Structures are given as C-alpha cells and as structure tokens.
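**Student:** Sharing a structure here in structure tokens format.
Just so you know, all these numbers are worked out from the coordinates, no wet-lab data involved. Every value quoted in this text rests on a predicted model; they were computed, and no experiment measured them. Cβ sites come from the backbone with ideal geometry, for glycine too, and all protein chains shown count toward neighbours.
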Amino acid sequence: MTDHDVAVSLLDRIVAAAEAGDPADIYEIYAPDAVIWHNHDLKESSVEQNARLLAAMDRWVADRRYTERRISTFPGGAVQQHVLRGTRRSTGEEVALHACVVIAVEDGRVTRLDEYIDSAEASRFAP
C-alpha cells in the first residue's frame, strides 16, 4: 500500500467511526500518543478525549454524514476538506460544519491531527 493509500484509508476510517458514532476503531487509527489539535480553542487533546467527543456527538447530532470530501496527500500525511452534516437531536435542525483536517502519518497510524473549523458552525452541534 502506498503512503497515499494509507493516508486516505485512515481518513476513511475516521469518517466511518464518526458517522457511526462508534469510537472503537479510533484506538487503532491513531498512534497511542497521538495529538489532536483544534483551531477553535487552540488546545491539544488525546486519543481518549477524541473518542469521548465522538461518542458524545452521537448523542447530540443524528444522521451524521461527511460530504464534499476533498483529499490531498503529501509525504507523511494528508489534508481533507469536508462538510459534516447532521440533524440536531434536540431541535430537528439541519446543521453543517465546514472543516479541514491535516493528518501526520507514521507507521500506518495517525500521529497528529490538526482540525480547522468555524466555531460558530460548531456551536450548533453542541447540546
């Protein structure tokens, strides 16, 4: 498998876990000491924290789906632009979150993910 194929496969698995609301595969996608950084709060989080957020998102937003995915790979990683869409469970409102993630990959696992989102759009996903 090429570096391109590995990076795309990892992104596909992240999307599948998020759409399913099932963080089980996250622990195989990320290296154990991987770092997830978010532009909206400038904080780094762990794989465990990321898995908890993914599970919580399932409680807040139904029918999650990633649309308009565009992926570009580079040596050691990839960039994905997408729109995360879903329905707020509390109100039935359709929501959309435009985002970009940059992943670093080593030994077939994500070692770092930097996520860039619009915080105003993201606030519509929270309870």
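**Student:** From the helices alone, meaning DSSP H stretches of at least four residues, give me the mean residue ellipticity at 222 nm for the chain, per-run term -39500 (n - 2.57), in deg cm²/dmol to the nearest 500.
**Tutor:** -9500 deg cm²/dmol
**Student:** Taking 0.36 nm per residue of separation and subtracting the Cα-Cα distance, what length does fully extending GLU93 through HIS40 add?
**Tutor:** Residue separation times 0.36 nm, minus the Cα-Cα distance, leaves 16.8 nm.
**Student:** Relative to the first principal axis of the alpha-carbon coordinates of the chain, what is the inclination of helix 3-20, with its axis defined by its Cα atoms, in degrees from 0 to 90 and to the nearest 10?
**Tutor:** Between helix and principal axis, roughly 20 degrees.
**Student:** Counting Lys and Arg as +1 and Asp and Glu as -1, each charge on the Cβ, what is the dipole of the chain about the Cα centre in debye, to the nearest 20?
**Tutor:** 400 debye
**Student:** Now, a different point. If amide H atoms are built 1.01 Å from N in the plane of the peptide, which residues on other chains or at least 5 residues away come under 5 Å of the amide H of VAL61?
**Tutor:** Hits under the 5 Å cutoff: ARG89.
**Student:** Can you give me the C-alpha center-to-center distance between region 68-108 and region 25-42, rounded to a whole angstrom?
**Tutor:** 13 Å
**Student:** Determine the principal axes of the Cα atoms in region 40-120, then give the extent along each, sorted from largest to smallest and rounded to whole angstroms.
**Tutor:** If we take the Cα atoms of region 40-120, the spans are 42, 27, 23 Å.
**Student:** Same structure, new question: Are there any GluC sites (Glu not before Pro) in region 55-127 that are in a DSSP loop and have at most 14 other Cβ atoms within 10 Å? List them by number.
**Tutor:** Of the GluC sites (Glu not before Pro), the ones in loops of region 55-127 whose Cβ has at most 14 other Cβ atoms within 10 Å are GLU93.
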